Amino acid sequence: MSDSAVPSIPTGQASRRRSLMRDACGLFQQEMFFWGCDASHRGGNLLTRFGMRRLARRETSSEGSSRYRMVWRDGTVELHSFCAGWYSRSGEGVVFIRNRERLYSCSGDEPLTPGACEPERHTGSNADAMLHTCRPLVEWVSEYEAWIQGQTSADYRQNCWMKLLSRMAGRSWLPPEQARRWMNLFLKDHVSAPRAKEMLRRAPRKARSAPHFSNN
């Protein structure tokens, strides 16, 4: 979606829109860690069980992890340890580049090459435009996380989050239950969606307690 097609946002709310965009980036940064946990789940690769096709890493390349791909809406979702995106067949797609911790609008229906991320195909957009552009990828994550909740033990995703929390010295994003609620509110109306930190302040202290780690 072009910037000119995005509804005008009052100037006084611009800072909040940028903050919501940072929240969306926090969501994807956290999910990328979760996907790594899911790929090595002891009951079998959860990404492929969900319906994603695994494209094995080429030993002679510097791609890093395998790529996981599936058709989603009018485009393709591809996940990789370097980047994750939704690539539209008929319009503008979106890609999250992990080491930059940033979302970009993306042209073309073929996924970007991990590591290279062809610069001519992705560009930064203002927060108002990107809040629209990233919606299909947020929708995919929301559906995937609902599936994970129904396919794994009650504490599986919380355990993944606590592992991430320990690695990031307490600087990770929302706990899984609050993250799912944030996605639902964002998809319902991203203009009035709450900030993640607001939700965290209101969350019961027990939501942040450390459970026993397992990989169920």
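Numerical summary
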quantity	calculated
Qualifying positions in the range 1-49 - modelled with pLDDT of 85 or more and open to solvent by 70 Å² or more (accessible area, probe 1.4 Å)	ARG16, ARG18, ARG22, SER40, ARG42, ARG49
Positions within the range 129-157 being crowded, with 17+ Cβ neighbours inside 10 Å and farther than 29 Å from TYR104 by Cβ, in sequence order	THR152, TYR156
Count - residues of the range 158-180 that are of a type in the set (Phe, Trp, Tyr), touching a Gly at 6+ places or on another chain (Cβ under 9 Å) and open to solvent by less than 10 Å² (accessible area, probe 1.4 Å)	0
Any hit, the range 181-189, residues being farther than 17 Å from CYS25 by Cα and open to solvent by 40 Å² or more (accessible area, probe 1.4 Å)	yes
Test result for GLY150, small (Gly, Ala, Ser), under 21 Å from GLY75 (Cα atoms) and either more than 14 Å from the chain's Cα centre (by Cα) or not in a loop (DSSP other than H, G, I, E, B) (or both)	no
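The values are calculated or read from the model by the stated rules, or taken from the named source; none is laboratory data. In this text the structure is predicted, and so the values were computed from the model without any measurement. Reconstructed Cβ throughout: ideal geometry from the backbone, glycine too, with neighbour counts over all protein chains shown. Areas reflect the complete protein model, heavy atoms only, side chains present, ligands, DNA and RNA absent. Shrake-Rupley method; radii C 1.70, N 1.55, O 1.52, S 1.80 Å.
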